[in-house]
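Beneath this line is the structure, given in structure tokens, with notes to follow.
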Amino acid sequence: MTSASARSASDADLDEIFTPIYERIAAGAVARESDRRLAYDEVGWLREARFGALRVPVELGGFGSGVRQLFRQLIELAAAESNLPQALRVHWVFVEDQLLAQAGPHRDRWLRAAAEGTLVGNAITEPGVGAVDRYRTRLTPDGDGWLLNGIKSYSTGSLYADHILVAADRDGDRVGLLVDAHADGVRQHDDWDGFGQRLTASGTTEFTDVAVRAEQILGPGYGTAGPTYATSYLQLIQLAVLAGIAQRAERDAREWVAQRTRGYTHSAAGLPRHDPLVQQVIGRLSSAAFGARATVLAVAELLDGVLAAGAKNEQALVEVELAAARAQLSVIDTVLPATSELFEVGGASITSERLRLDRHWRNARTISVHNPAIQKARAIGDHLLNGTDLPFAWSAGERTTAPETA
């Protein structure tokens, strides 16, 4: 927003700014998928439009959007290119952390940077033991500062980012720190080899004697014990991606059927768009997209209230975490079948590589295995039956001890 604006952006304002960009991004989606071309240009368009400033207050140069407004835009971006909301997901948590921080020059500095287009990626997950015990990525003293050394995997979005939020160990404590993505000693690799979400830049990042100043250390890092808003927020971004995938899958299938003239001798109608069975498939796809979108926005409203109150009420944090976990199971069970069922509207020609409609299922399947749904379903049941705490900050890695059992 301009300095003359005295109000937060409305949905209509945001649509006017970003819808043309989404359409431009969507126009190249199939070509990017075919060529496996990382979306540097597309991220640049979003940066220029200050997409990363959606939640930044108007007085600091942002749009002043609510959480529900943000997730509405994330769904639309995912419908254009499902890789991008996932690539930017830690950026939003970084911005929320600044919004929740005590007012002061440090907080305002980073919020103004986001308003000017700065984007933040992440380097949290590690190979091997990972953070199940303690991070192997370490901060060690070096004069008045520190040196950062370690290897991170699944550094989603960091190749697109200006700064990287890193989780590290400092004398046995988990800390988060912000590193310039182009600093000496930072080396990033585009080596993510998943069959879906190929353009999220979820590769390996190496840190070798990276100089870190005290002011770059932000405080307790990911995995710190206790309820937090961040896990439900991060999970909901993944679900916004799924909602966007469903929206694009329905649109692609509908447009393909509308232009289709070939049918079968045993079809119920001469044209596929008049066939009641094909109509039924399109109706079910539309329902899946609607349901996923409504679910994501409903949880976003809960998050909005939790964050507006400072994200300090433990019961409210538990409630929104439970809502996000339930939504995860619901949205996955809705979207995954839909991205497979879309192929029922046509014959073999709908599987053409030229169309790349398989990307919807591959992307949905890939995003759905983040924070596995079977583990969430068990955690929900254990919580409801036995009062067991929900797992707020989970980490992936090799465990050396067996889990406790009831």
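Apart from one condition, A211 fits all of (1) in contact (Cβ under 8 Å) with a residue 24 or more places away in the chain; (2) under 22 Å from the mean Cα position of the chain (by Cα); the exception is (2). Looking at D191, D162, just one residue is free of Cβ contacts under 8 Å to residues at least 60 places away in the same chain, within 21 Å of G145 (Cβ to Cβ) and open to solvent by 10 Å² or more (accessible area, probe 1.4 Å), and that residue is D162. Residue selection: N363 satisfies the criterion of being within 23 Å of G283 (Cβ to Cβ), of a type outside the set (S, T, Y) and either assigned to a loop (DSSP other than H, G, I, E, B) or modelled with pLDDT of 95 or more (or both). Here segment 271-316 is the region considered, the condition is being touching a residue at least 60 places away in the same chain (Cβ under 8 Å) and of a type in the set (D, E), and the residue that is least open to solvent (accessible area, probe 1.4 Å) is D304. Going residue by residue through segment 242-250, is there one that turns out to be of a type outside the set (D, E, K, R) and open to solvent by 10 Å² or more (accessible area, probe 1.4 Å)? Yes, the conditions are met somewhere in segment 242-250. Selection over segment 327-344 of residues that are over 18 Å from the mean Cα position of the chain (by Cα) and farther than 23 Å from R273 by Cα gives a count of 2.
Quick check, is E81 modelled with pLDDT of 95 or more, open to solvent by 20 Å² or more (accessible area, probe 1.4 Å) and either among the aromatic types (F, W, Y) or more than 23 Å from V166 (Cα to Cα) (or both)? No: the conditions fail for E81. Among the candidates Y40, Y22, the residue that is of a type in the set (F, W, Y), touching an Asp or Glu at 6+ places or on another chain (Cβ under 9 Å) and open to solvent by 10 Å² or more (accessible area, probe 1.4 Å) is uniquely Y22.
I need the full set of residues from segment 337-390 which are in contact (Cβ under 8 Å) with a residue 24 or more places away in the chain and on the phi > 0 side of the Ramachandran plot, in order please. Those that are in contact (Cβ under 8 Å) with a residue 24 or more places away in the chain and on the phi > 0 side of the Ramachandran plot: R356, N371.
When you look at A393, is it crowded, with 17+ Cβ neighbours inside 10 Å and either in contact (Cβ under 8 Å) with a residue 12 or more places away in the chain or not in a helix (DSSP H, G or I) (or both), yes or no? No; evaluated as a whole, the condition is false for this residue. Taken over segment 106-122, the residue count meeting the criterion of being in a strand (DSSP E or B) and open to solvent by 10 Å² or more (accessible area, probe 1.4 Å) is 1. All told, E321 falls short of being touching a residue at least 12 places away in the same chain (Cβ under 8 Å) and open to solvent by 60 Å² or more (accessible area, probe 1.4 Å).
Annotation note: of S65, S34, S8, the sole residue that is open to solvent by 50 Å² or more (accessible area, probe 1.4 Å) and within 16 Å of D304 (Cβ to Cβ) is S8.
Among the residues making up segment 366-390, those that are assigned to a helix (DSSP H, G or I) and in contact with a helix residue (DSSP H, G or I) (Cβ under 9 Å, 6 or more places away or on another chain) are I367, S368, A373, K376, A377, A379, I380, H383, L384.
Between A268, A211, which is at pLDDT below 95 and open to solvent by 40 Å² or more (accessible area, probe 1.4 Å)? After applying the criteria, what remains is A268. Elements of the type helices (runs of 4 or more DSSP H) sitting completely within segment 9-92 and holding at least 2 residues that are without any contact (Cβ under 8 Å) to a residue 12 or more places away in the chain: these cover 11-27, 29-35, 40-48.
The values are calculated or read from the model by the stated rules, or taken from the named source; none is laboratory data. Remember, it's a predicted structure, so these values are computed and weren't measured experimentally. Reconstructed Cβ throughout: ideal geometry from the backbone, glycine too, with neighbour counts over all protein chains shown. Accessible surface areas use protein heavy atoms only, side chains included; no ligands, DNA or RNA. Shrake-Rupley method; radii C 1.70, N 1.55, O 1.52, S 1.80 Å.
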